[in-house]
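Engineer: My questions will all concern the structure given below.
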Amino acid sequence: MTDFDWPSHAQFGVSLFALMAPIVVAPIFVSLTSGMTFRGRIVCATVGSVTAFVILSLAYLFGEAIISTLGTSLPSFQIAGGLIIALTGLSMMSDKRVPSEEDVEADAGASAVRVGVSPMGVPLLGGAGAITQMLLEGHQSASVLHEAKVILILAIVVGLSWLILVCAGFLVRFLGKSGILVFERIFGLLLIAIGVEILVTGVLGHADKFALTH
């Protein structure tokens with residue numbers, strides 16, 4: 001993304017929101033916090049959102065160093081990242097992303113902070129797909145202004161996620177299981193399309209390198 005490429009910034013924000021999928025996570029949040037007071041649920045949502053923000057910010061800011069240390073190229077990481085994002089979308093289409101009822105019940109009695117850090121912060125909000133998206137974004141050469149915009153977009157998405165979690169009880173009652181399922185399918189389809197696009201970009205990058213060396 002260039003500094004003023006607002007369509008790319010918007011696509012990045014939408015894809016990150018779809019990867020974090022707070023609407024899909026909302027029913028899990030309700031189950032995990034069923035024994036908490038309203039204040040406890042706010043604390044849990046806040047800790048989870050802050051945890052996800054910190055993890056994703058670190059992935060973005062140190063993504064270049066991580067990829068360089070691993071000795072991989074951008075096209076290779078785009079192929080791997082595209083696969084992860086597409087598979088995340090595929091799992092959302094096939095009901096395999098959310099934890100089982102046993103997992104939810106096992107964590108239901110935990111403290112607000114502990115539940116906020118895990119599983120809410122990681123891996124539900126700050127999962128492998130979202131981390132991969134930030135790593136890919138961090139690998140692109142950019143100015144300080146670009147980095148500030150990416151962090152701002154991340155903060156907006158996390159803020160929206162926090163608001164959805166705080167209103168999770170009302171949201172789940174309003175949308176119902178069918179409504180949540182529809183959003184999950186939409187997000188899943190969107191992520192598959194984004195993942196395939198990133199993967200194809202990586203394949204074309206390797207093809208260009210191959211053409212230049214032969």
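The values are calculated or read from the model by the stated rules, or taken from the named source; none is laboratory data. This one's a predicted model, so the numbers in the text were calculated from it and none came from an experiment. All Cβ positions, glycine included, derive from the backbone under ideal geometry; neighbour counts span all protein chains shown.
Engineer: Restricting attention to region 13-46, report how many residues are of a type in the set (Val, Ile, Thr) and more than 20 Å from the chain's Cα centre (by Cα). Give the steps one after another, and end with the answer.
Structural biologist: Start the filter on region 13-46 by keeping residues that are of a type in the set (Val, Ile, Thr), which leaves 14, 23-25, 28, 30, 33, 37, 42-43, 46.
Within this subset, residues satisfying the condition of being more than 20 Å from the chain's Cα centre (by Cα) are 33, 37, 42-43.
The number of residues fulfilling the criteria is 4.
Engineer: Now for a different question. Which of the residues that make up region 158-214 are closer than 15 Å to ALA21 by Cβ and of a type in the set (Phe, Trp, Tyr)?
Structural biologist: Hits for region 158-214 are TRP162, PHE183, PHE187.
Engineer: Kindly state which helices (runs of 4 or more DSSP H) lie completely within region 104-214 and contain at least 3 residues that are at pLDDT 95 or above. Show your work before the answer.
Structural biologist: On the way: elements: 112-115, 128-139, 144-166, 168-212.
Answer list for region 104-214: 144-166.
Engineer: With the structure loaded, tell me whether PHE38 is free of Cβ contacts under 8 Å to residues at least 24 places away in the same chain and of a type in the set (A, V, I, L, M, F, W, C) or whether it fails that test. Give the derivation first.
Structural biologist: On the way: free of Cβ contacts under 8 Å to residues at least 24 places away in the same chain: yes; of a type in the set (A, V, I, L, M, F, W, C): yes.
Judged against the criteria, PHE38 is a match.
Conditions tested, residue by residue: (1) buried (at least 20 other Cβ atoms within 10 Å of the Cβ); (2) among the hydroxyl-bearing types (Ser, Thr, Tyr).
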position: THR51; (1), (2): yes, yes
position: LEU61; (1), (2): no, no
position: GLU64; (1), (2): no, no
position: ILE67; (1), (2): no, no
position: LEU70; (1), (2): no, no
position: PHE77; (1), (2): yes, no
position: ALA80; (1), (2): no, no
position: LEU87; (1), (2): no, no
position: LEU90; (1), (2): no, no
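Engineer: If you don't mind, another one. In region 18-35, is there at least one residue being modelled with pLDDT of 90 or more and surrounded by fewer than 17 Cβ atoms within 10 Å (Cβ to Cβ)?
Structural biologist: No: zero hits.
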